[in-house]
1. Within the chain, which complete DSSP H helices have Cα atoms spanning at least 27 Å along the helix axis and a mean Kyte-Doolittle hydropathy of 1.0 or higher?
2. In a Gaussian network model over the chain where Cα atoms closer than 10 Å are linked, find which of 280, 51, 104 has the largest mean-square fluctuation.
3. Tell me which label goes with the value of volume of the Cα convex hull per residue in Å³ computed from the coordinates here: (i) 123; (ii) 207; (iii) 195.
4. So how do 286, 217 line up by other beta-carbon neighbours within 10 Å, fewest first?
5. Return 145, 237, 247 ranked ascending by Cβ neighbour count within 10 Å, so the fewest neighbours appear first.
6. If you place +1 on the Cβ of every Lys and Arg and -1 on the Cβ of every Asp and Glu, how big does the dipole about the Cα centre of the chain come out, in debye to the nearest 20?
7. Shape of the range 13-144 from its Cα gyration tensor (a ≥ b ≥ c, root eigenvalues): rounded if a/c is under 1.5, otherwise prolate when a/b > b/c, or oblate?
8. Which value, in Å³ per residue, describes the convex hull spanned by the Cα atoms of the range 280-413?
Amino acid sequence: MTTTIAPTGHPAGHHPRPWPAEIRTLMAGTCAVRAAGFCYPFLPYHLEALQLSTQTVGRLLATFGAEWLAGSLLWGWLADRIGRRAALAGAMALAALALPLLAQAQATTAVAAGAFVAGVTYDAPRPVLSAAIAEHFGDDRSRASLNATRNFAINVAAAAAGTSGGLLADRAGMPALLWANAAACAIFGTLVCFTLSDRTTAQPDQLTRPRPAAALKDARLGLLLLASLATLTAAASLFSSLRMLMSRAGLSAADYGWTQTANAVAVLLLSPLLNRWLSQRAHRGKPMTGLLAASALILGTSMGAAALATTVIGFSLPAALAVPGEIIAFVAAGDILTRISPPGAYGLYAGIWGTTLAGAVVIAPVLASWSLTHGGPYLAAATTLAAGVLGATLCWPLAAITRRTPGPPHKDF
């Protein structure tokens, strides 16, 4: 992975800025724990192997998703309050303890405890890395390019987890995969302790000011949350309801791994082009609300089509076609988020926004399950498409309010 902002497309006289050591550490560690992040994509198979009831499995998966949501807010807020090093090292230490418990436990209570902590810590690096990017890179073009690079690397890492996990699940067993996940978290946490600064994003006179309740009074953040939640509900089908749809079609965990491979190949092919293009768009200085709307439509259409698939190829094709929408969605939302975040609250705003991804992961399988029960694949396709259309529609008022109040709010902070 490169350690500089991609130079392609920069204006004359503009030189790519080297990544600070903190960014390199956070980027490498985030990708490593995601590449070894077998817990989330294969948790349903692990729970089923424990012969838990369908109702219990559903509750545990919902618990994981709910704690993922809470954890995103928690770690983003802590990154501003106690510093990125303390927040992320603590999260990784908890994950390294919880995942072995989840791997070896047989009692439902112990499994639930492991799933609870694993969910809280699963996406902890995301808001911490977002806060670091916002602090270290002030110009829109470099920030957009770095966010695109991050999304590219994380997507490839997640696809690697899906592919390798699918190939190893039957041979090594799920407990071994969870232990590997724990080891990656322990290594990353140790690296964080020795390489990251302990200073906070906020200045001393700001430490009492960034609060979640005050941040949620920002109407722009509220609209961005709603638009992102709808958009990512369509995107989350790739990681959540897709497994359920494939299981319904009689396909295995290894088959699911191939859909992730198709997604990774598309990411590898399309990311360099989209990265360059998105960086050029960011240089215009306008919030990427129109691109966020376009990504919502791409994701709703492609993942809606996946609900009608019955073969590995049929599921793999939408997984690849969704990639442009996925890349654009994360870069566009990140661009808007950084523009509206007040100084000293980058972690908080990133953490709050991160709840949309966790919320989407909870909503997507519930929506798919309800649709399949009451109307079959066609209703599942329609509701996924509707989520994308809703996300695109919400971008209109978001664009209007962002144009009226372009700067970050300081009142009540």
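1. 84-104, 174-195, 346-374
2. Judging by the Gaussian network model, the answer is 51.
3. (i)
4. Values: 286 16, 217 13.
Ranking 286, 217 by Cβ neighbours within 10 Å, fewest first, gives 217, 286.
5. Fewest to most other Cβ atoms nearby, the residues stand as 247, 145, 237.
6. Values: 27 positive and 16 negative charges, 174 e Å.
Computed charge dipole of the chain: roughly 840 debye.
7. prolate
8. Residue-normalised Cα hull volume stands at 117 Å³.
Each value in this text was obtained by applying a stated rule to the coordinates, not by laboratory testing. Computed from a predicted structure; not experimentally measured. Neighbour counts are summed over all protein chains in view; Cβ atoms, including those assigned to glycine, are modelled from backbone coordinates with ideal geometry.
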